[in-house]
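The values are calculated or read from the model by the stated rules, or taken from the named source; none is laboratory data. This structure is a prediction, so every number in the text was calculated from the model and none was measured. Don't worry about glycine lacking a Cβ; one is built from the backbone with ideal geometry, like all the others, and counts go over all protein chains shown.
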Amino acid sequence: MTVMNADEIRKLLPHRWPFLLLDRVTELKPGVSGVGIKNVTISEPFFEGHFPNESIMPGVLIVEALAQMTAVVYCTGALQAMREAEQEAAATAELQVESVEEVDVSSRVGYLVAIRDMKFMKPVVPGDQLLLKVKIGRSLGILSKVNVAAYVGKECVVEGTLSVSQRP
Amino acid sequence: MNPQYNDMERGTTLLTYQETKEKAEKRRELTQRIKAIIVERLNLDMEPSLITDDQPLFGRGLGLDSIDALELFVVIEDEFGVTIYDDNMEVFGSVNKLADYILENIEE
């Protein structure tokens, strides 16, 4: 199932090659949780040096892929909230409000502020399909905890917690 | 509960020596637990007992930041079932303030 394809993801996220690490979004609850896919191929530029004799996807890049999936969940959540506010404003008054479609969504992508208790259970190699699962947890002010996990098949390869900040 | 009413009540019904002693011990247990949680959860390289009850946790005091606050907020909710909200961040002022807030809001 596809909720968002790569082109739609590129419209939402500011990331570009060689740093866009999300191919497809398969499940999405805006602002709450989501699942995405990253297909790992031998053509990835980082395999050139990591390592010349043994191709292993750097763990930090899996964390980055999970952070990008988090950004999709966050942005779509923010977008939905803006749409609802817009509809409400349109319903109560005949005022012209700034259309959501005109807002540059990619400018709303927040920042990664903490990586905690991250475990790397198994090396990720060319040919693996990473299933990126994220769930937004509790928030305090502009900071939120995010539970993240990456799977290859049914096996969990990375698991941990991120903290992200909304753009002030 | 209205804190003023609470104070009045404390003033009129004097506690016995035994009651006061028990209360103080409970309080000390709580502050020690909070200190242990802070040190463990935030990976601080120090003995929990070196944190004093009124030492500021943020900035010049213990040097915590907003990211640590998020961590503390989560662990306090998990450990005590007490939620801290954005508008009462002063609760994170010191171990004593945290203990006061927890005692006020804990579900018996």
| task | Give B:22, B:47, B:104 a once-over and let me know the one that is more than 14 Å from chain A (Cβ to nearest Cβ), over 20 Å from residue A:141 (Cβ atoms), under 14 Å from the mean Cα position of the chain (by Cα) and modelled with pLDDT of 90 or more. | result | B:104
| How many residues does region B:67-90 contain that are within 10 Å of chain A (Cβ to nearest Cβ) and buried (at least 17 other Cβ atoms within 10 Å of the Cβ)? | 8
